[in-house]
Structure formats: structure tokens, C-alpha cells
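First the structure, in the form of C-alpha cells, and then the observations on it.
The values are calculated or read from the model by the stated rules, or taken from the named source; none is laboratory data. Bear in mind the structure is a predicted one, so any value in this text is a computation, not a measurement. Reconstructed Cβ throughout: ideal geometry from the backbone, glycine too, with neighbour counts over all protein chains shown. Note: areas computed on protein heavy atoms with side chains; ligands, DNA, RNA excluded. Shrake-Rupley method; radii C 1.70, N 1.55, O 1.52, S 1.80 Å.
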There are 2 protein chains.
Amino acid sequence: MQIIKYPQKGEWKFILKRPEIDSSVLNLTVTQVLDEVKNGGDKAVRKFSHKFDNLDIQTFRVTEEEINEGIKNTDTNLKKAIKKASLNIKKFHESQKTENIKIETMPGVHCWSKDMAIEKVGLYIPGGTAPLFSTILMLGIPATIVGCSKIILCTPPSINGKLAPAILYTANLVGLKEFYKIGGIQAIGAMAYGTETVPSVDKIFGPGNRYVTTAKQIVSTHGVAIDMPAGPSEVAIIADEYAIPEFVAADLLSQAEHGYDSQVILATTNNSLIELVETELKKQLNELPRKEIAKKSLENSKIILMQNKEELIDLINEYAPEHLIISSKHEKFYEENIINAGSVFLGNYTPESAGDYASGTNHTLPTNGYAKAFSGLNISDFMKKISFQRISKKGIHNIGNIIEIMAEAEHLHAHKNAVSLRLKNLDS
Amino acid sequence: MQIIKYPQKGEWKFILKRPEIDSSVLNLTVTQVLDEVKNGGDKAVRKFSHKFDNLDIQTFRVTEEEINEGIKNTDTNLKKAIKKASLNIKKFHESQKTENIKIETMPGVHCWSKDMAIEKVGLYIPGGTAPLFSTILMLGIPATIVGCSKIILCTPPSINGKLAPAILYTANLVGLKEFYKIGGIQAIGAMAYGTETVPSVDKIFGPGNRYVTTAKQIVSTHGVAIDMPAGPSEVAIIADEYAIPEFVAADLLSQAEHGYDSQVILATTNNSLIELVETELKKQLNELPRKEIAKKSLENSKIILMQNKEELIDLINEYAPEHLIISSKHEKFYEENIINAGSVFLGNYTPESAGDYASGTNHTLPTNGYAKAFSGLNISDFMKKISFQRISKKGIHNIGNIIEIMAEAEHLHAHKNAVSLRLKNLDS
């Protein structure tokens, strides 16, 4: 890891700079694929599944038999673990429910909001070397809690044309019913525009590679909502003499193993911690199956030594990490002063992997500095609010003239007239 | 208006189709301007203010004297009206505050969320023939309620280089301090990237023409959040024999006067209402200063006669209008069954203009069918949630093995190891 000691404030921006992701080079390819799926439907999806994923899929929809087979073939201990994790995630996300209050802003003027589930949502689960069943928990549970009436899931099958048993087990466990063996740009296109077999949805959720991310961005300008912009995963750790170097190293590595582009930062006020963590890193790195990936991403990662806790928290707020682990004697200070982060892990016994899998919080979090303006996924992402108002005769009598004056000042006379006619009607 | 009687369900999609807004043709121009602002700062902003708006602005920042002059020059009755409206809007938006609950998902595993104000937000107020001070209420009040630490406002000045008094009065009233006389693409660029005088922000809010909308869309792929995609304003009215034709016509016109591209739909189960409304429309249209605009947008608008209330609400849910007025003997039925709408106005004495200006609800609402997945603006748009967790030794003892099993099944061994090391430490 690169070690930077006592950087000047003017340098922070440069030190914290993330690699720029320029998706514009992919725009043309992705747009072409999306257009073809929009116009060609299933046939186009089949073509691109063959071209990009070397798959020859005739029927995209996963059958009842396949689901049952998957459930049967999932390891019993894994089933138990997923079940327990799902209960924690359910508990936490159910606690996010809020009540809408009806208020009378003026006598006779009643206003309120209603949270409504988005009707049709599409969940995308990437393929790759490992089945990401944990993401099904994170997307599927909030969707079922709020009661979206149609929830579909798209994920690319293995080269044998099947979905991993753990994927099917988890999807079934959280109550999903409709799965399609489609991946990549063509999956996003199918969910955005609909095909003969895949229904179009109102909002698309889920992670993916640069092609999937670009596809989501493009369809989001064509009337479909998306969850959030996605970038490589990140962790920042705030640690000092209170931290256990062995744990700090393990947490850095658990982020570094994600991919070559993972972002890892250790920020500390304690100079002697640096060497202890580095020694641990070397020791643990060699034991990892994904050590090549982890090694590479550590090379781009930084250990930053700061003068004091005030400067340190400013640095972290400037960075706005996706994950933030705090192992410090000043835990309370950092907890109270963190403004920009996706998810915060407090204390020596709270590894990021707890939130990735099982503690209850969502692992779909804003990367790339988006934590400054975006929340991690929560049940409100699967709902929208409708505002309502009801004004009585007394109400329009009280508020009417205010509206008339304001509408006239904005030169919107028909707006004014809609009120004036009603006021006149009251008098008659 | 076009009258369509008893359309088949298969035709709905076609009837409800909105004009497609293809912003891709603007992409090149807008990208060029944004790039130049990004690299050239104030100088580029000055250049485009001259080029697009024929303005020669040396100092963008509005001075204290200008603000005081604006306040002095605002009509007293208008001030009173704005003040009263602001209190209603404040009251309604304050009622949206929610509490975050801390929960223990397993013994020793504590999870909670915290709502944090987005630090830096930029509000855009379009120029044009009338000063849109009402939009300052709608954007500025929620921003100040949640406590964003920096709130800047950009709006183009009149040709004399000044901002309208009502703009300055309203901005000052809601507690804003920092205003810039910049409009169009260059304003969005300045707020997204920052210039020598304009600070960059984390999220940009506010309406605008196609150039502004496209600019917002482009900067949203460069690390800045935006409020929501914007399209032409719309109203749908559900009315039957309970409705007062004079009011229905007035409400249709108050939407139609917005612009040539405004969308207006009247859906009814009552055939005889149609003629009554049409007669009223003709009568009222001639009185309007903006009758040419209203006439034009009415030509593209539709009156749809439906068989029954069940079909009618399905049609409206399919359309997902920005504004929905319900003047019906079946008000309760429609209120309970509306799924997709931005804001709903119930009863004969609740004109849309009440929500546009003064009742308390926000007038920044999803258009173009986005009500299927987006909410109208509310205080949560000015905040983000950070999730927190704290796991005790007992907690990691309880949850550790669940995480280990799941991490291993996803082939993420460093994730597993971060837990295993902690569990081992417990035993020692």
C-alpha cells in the first residue's frame, strides 16, 4: 500500500481521487444492443445471449422443476445460514417503515402523503465465478416487504444453462416467483422495454459490470427508473491504537479481494499502527485463494497518516466511502461527525462482511463518492410517495386569495381563474 | 379537445402516449458547453451568458444591496401571500420528518440508520417571462428544514441584469443567502463542477427547459446527483355528474396555459359531462391572456369516456399523471385505488393551483409517467441515510458462523477470514 504522511489539505482531492470511469466509449455498443432488444424482443435477447455469453437458451423462464431441483441441491448448512441472515435483513428493513401523517395546514386545507409500492420491479443479479445469492436477499427482501406486485429476476445461467442452486434457493426463500436466465445488456433491455416473455418493469435494481451499468444509465433516460449509479466497491478504515492490526488487515483484504479496481483506504492518527498492519497484510495475503486480485488492488490503495481526529474525519467526509470501519478510542467522536458514508461499522468486532451478508443492513451502497448525495438501498427505494390534498369550502375561502395573488404575479391567469370561479361560487 | 369514447384496452397505450422527448440531439451542444464551463470556469460562464442570454454579467453573485432592494420593491400584498404560503409548505414538509429506530437483529448485533442532510445543494430557477418565486418555496423550504449546510441558487437575470424582486424576497424569506445570476446549461455546469466564484454542489434541483434538463442528465453521470427527470407538465381529471363543469374547464385550462406541450386529459364515465365542459372551455378560453398557448395544447388533449369506474382508474394508473384531480361521487373509490400519480386533488374545491402555490404540498412532481417509480419532491430528497452497525463479542459469536458459510459459498475467502480471525480471538 502507498503510505502518505500528513498530507496538506490542498492535496487531499488528488490523494482521494478515484479512477475515472468513462462509460461513453461503451455507449455506442450498449445503445445498439438495447435498440435491438427493444425492437427484436426475445429473438434479439437470444442472439446476444449467444454472442456475449456463449449460451443457447430457448426458454428464458426458469421452470418450477428447475426451482425445486435447485432447492434440493443447496447445501443444508448454507440453507440454514441464508435463512438466518434473511431473518435479520427482514427485521432491519421492516423497521424502516414509517407512518404518513395527515395535517391541516390551514383550516379546511388537509394535506397528506401515501407510500405506495412501485408496481413492477426488476432485479438483476450478475453471473461470474460465484453465485451472488446474498444480493438476492438485499434486493428481494425490501421488494417483498413493501409489496411490489410484480418482481422479476434476471441472471445469466452457467454455461450448462442452469442457475446455481443457492440462487434458486434464496430467490424462492424471499418469495420471488419469476426468474429469467438472461444476463448483461440484453437483460437490462428486456426488463426496460419488455419482450414476448419478459414483462417490462418500472424500476431496475442490482449491480453489474460496466456494460450493465451503462445499460442501466441509458434506459434510465427512457422512462425506466434505476436504483443508483454503481462503481467499484470501496472501504475506508479509521483506526488507531485501539484497533487490532490483525483485524484491520483482514478487513482491508476482504475489500481488496473483490476486484482489481477495489478501493481500499486506511486512515490513522497512529504512526506505529502502519507497520503492524503492513506486517499482518503480508502474512494474511499469502493464504488467500484470490491473492493475485487482492495484491493488485492493494498496490493502488493508500494508508494515510493524519495529524488529529478532526482532520481525519474531514478527510473521510471528503472521500465519502461506501463502507467505513471505525476501530478507535474516539469511536463516539467519529460516529457523531461522519457526514458522508454508505454504511458504518463500529468497533473491533464489526467486520464489513457482517453487513455484506447477515447483520441486517443492506449491502447495496453508494460508491464513487455518491454517498454525499445517495443512501444505501432501503425500503423507500421500492416505493414512491403520492401527495394528496382535500380543500373544503371553508378551506378555499381561507386560502383562495393567497393563490390568486401568487398566480397573478407569475402571470398564470388560468391558475388564478380556477380559484376565482370557486370563490365566486361560494358567494352565490 | 379530442373525444375518445369507450376505447379498447389494447388502444390505451396509444391514446395515452406522450410525445417522445429525444434529448440526444441536444447532447452534443450541451456536452460542449458543460466541458467548457468545467475547464474555463467563470470566463466560460460569462461567455455563454452573453451568447445564449445576451447578458453581460461581470459579477455573478447577488449583493446584499441588491437583495435589500428586491425585498423593498416587492408588492406588500404579494409578500403577505408568499409568507402565508411558505408557512403552509413548511408545516407540511416538517410533518415528513421520521425517526430512525435502532434494532437488535440478533443478540449483540445492533443496526440503525441516520438521516443526514446533503451538505451542498444547488437550486435552479428558470427565467422567462414570469419570476417563478413559487419554485423557490418548493425547493428552498425542504432544504432549510433538513439543514443543508450550503444552499446556492442560480437563476438568469432579466435583460437589465437584475433578478425579479419577488425572487429575491422569497429566497431571502426561506433563509437562502447565496444567489448567482446565471442561467441555462452554464448554470448547471457551474454548480456541478464549480468555478472560481460558484461552489460545486452534491445535488442539483429544479426545473428547466430541454437544455437545462439535458445538462442535468449529463452531469448526473459525472458524480452529481439530480432531483428527477423532468418533462412537460400534465394534469388528468376524473370527473362525473358530481363535478362542476365550470371548475373542470378552469382546471384543464390552468394546465393548458403552461406551454404548448402541456398534457391535459379528462376521463369520465358520464357522457353528458363532455359537452358541458366543452362549452365552458370555449367560454373561459377567450378571457385568458395566454389563450394562444392554451388553445394549442388543448388541441393535443383528450377527453376519454370510459365504461365504468374500474376501467377508468386502470386507465389513469396506466397513464400515471403528474397531477390528478378527482371530482366524483366515487371519490373514495378512486382515492383508494390510485397507484400511480404525483399529487392528487380531491373534491370540487381543490384546484391544482392550490398545490402549485400554497396548500403545503410540493409542486415539483414526476411527469412523463415517472410517477410509476418516482415521488414528488419531499424532505428525503435533501437527505441521505447512513446505516450503522455495532457488533459486540457476543454478537460476533452469534452471527460469525452464518457469515463464514455464506462468504465461502460466494468464494470470498477474505470476507470469511475477517470473521474467522475475530472468532478465534474470542476463544483465546
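Worth pointing out:
- Nearest beta carbon of chain A to the A-to-B rotation axis, with distance in whole angstrom: A:Thr98, 2.
- Taking one quarter of the surface of the convex hull spanned by the alpha-carbon atoms of the stretch B:140-228 gives a direction-averaged projected area of 6.0 nm².
- Measuring spread by the Cα atoms of the protein assembly as shown yields a radius of gyration and Dmax of 27.9, 88 Å.
- Relative contact order (%) - the stretch A:121-162, alpha-carbon pairs under 8 angstrom, separation at least six: 60 percent
- Where the stretch A:389-428 is the region considered: accessible area per residue in Å², 1.4 Å probe: 42 Å²
- FRET efficiency for the A:Asn209 to B:Thr29 pair, using the beta carbon distance and R₀ = 35 Å, is estimated at 0.70.
- Cα gyration tensor of the stretch A:292-428 - equivalent ellipsoid semi-axes, whole Å, descending: 54, 18, 15
- Under the simplified labelling scheme, the A:Lys283-B:Asn68 pair shows an inter-label distance of 6.8 nm, with each label point 7 Å from Cα along Cα→Cβ.
- Relative contact order for chain B, counting Cα pairs under 8 Å that sit 6 or more residues apart, in percent: 20 percent
- In this assembly of identical copies, the label point of A:Glu178 (Cα plus 7 Å along Cα-to-Cβ) is separated from its counterparts by 4.7 nm, sorted shortest first.
- Net length gained if the chain between A:Arg61 and A:Glu99 were fully extended (0.36 nm per residue, minus Cα distance): 9.9 nm
- Of A:Lys13/B:Lys150; A:Lys203/B:Lys5; A:Lys5/A:Lys291, pairs whose Cα-Cα distance is over 25 Å: A:Lys203/B:Lys5; A:Lys5/A:Lys291
- Per residue of A:242-250, other chain Cβ atoms within 10 Å of the residue Cβ number 3 on average.
- Peptide A:128-135 has a mean of 3 when you count, residue by residue, the C-beta atoms of other protein chains within 10 Å of its C-beta.
- As a rough guide to protection, the peptides B:143-154, B:306-317, A:242-253 ranked by mean Cβ packing within 10 Å, highest first, stand as A:242-253, B:143-154, B:306-317.
- Taking Lys and Arg as +1 and Asp and Glu as -1, the other residues whose beta-carbon sits under 9 Å from that of B:Gly189 total -1.
- Shielding of peptide A:221-233 by partners, expressed as the average count of other chain Cβ atoms within 10 Å per residue Cβ, is 3.
- Teacher prompt: B:Tyr6 distances to equivalent labels in other copies, 7 Å Cα→Cβ, nm: 8.7
- Short to long, the 20 Å bins of the Cα pair-distance histogram for chain A hold 22, 46, 26, 5, 0 percent of all pairs.
- Contact order relative to length of the stretch B:23-230, as percent, for alpha carbon pairs under 8 angstrom and 6 or more apart: 28 percent
- In the B-A interface, the accessible area buried, summed over both sides, Å² (probe 1.4 Å): 10300 Å²
- Solvent-accessible surface of the stretch B:199-333, taken per residue with a 1.4 Å probe and all protein chains present: 36 Å².
- Scattering from the stretch B:54-102 was approximated by placing one identical point on each alpha carbon and applying the Debye formula without solvent; log10 I(q)/I(0) at 0.15, 0.17, 0.32 1/Å stands at -0.70, -0.77, -1.08.
- Within the accessible area of chain B (1.4 Å probe), percent carbon and sulfur: 49 percent
- Model label zone, B:Tyr6; criterion: amide N under 20 Å from point 7 Å along Cα-to-beta-carbon; scope the stretch B:234-254: B:239-241
- Amide hydrogen proximity for B:Ile182: with H placed 1.01 Å from N in the peptide plane, the residues at 5 or more positions away or on another chain lying under 5 Å are B:Thr155.
- Cα-Cα pairs of the stretch B:23-230 separated by more than 32 Å (percent): 21 percent
- Mean Kyte hydropathy of 1.0 or more with a Cα span along the axis of at least 18 Å, helices from DSSP in chain B: B:133-146
- Rolling a 1.4 angstrom probe over the protein heavy atoms with all chains in place gives the stretch B:1-86 an accessible area of 65 Å² per residue.
- Distances from B:His222 to itself in the other copies, using label points 7 Å out along the Cα-Cβ axis, amount to 2.5 nm in increasing order.
- For A:Leu266, the residues 5 or more places off, or on other chains, whose built amide H falls under 5 Å of its own are A:Ile237, A:Lys302, A:Ile303, A:Ile304.
- Estimated D of the stretch A:230-362 in µm² per second, where Rh is the Kirkwood radius over Cα pairs and Stokes-Einstein applies at 4 °C, 1.567 mPa s: 89 µm²/s
- The stretch A:21-120, Cα convex hull volume normalised per residue, Å³: 284 Å³
- Fraction in percent of alpha-carbon pairs per bin - 5 Å, the stretch B:114-185: 3, 17, 31, 23, 14, 7, 3, 1, 0, 0
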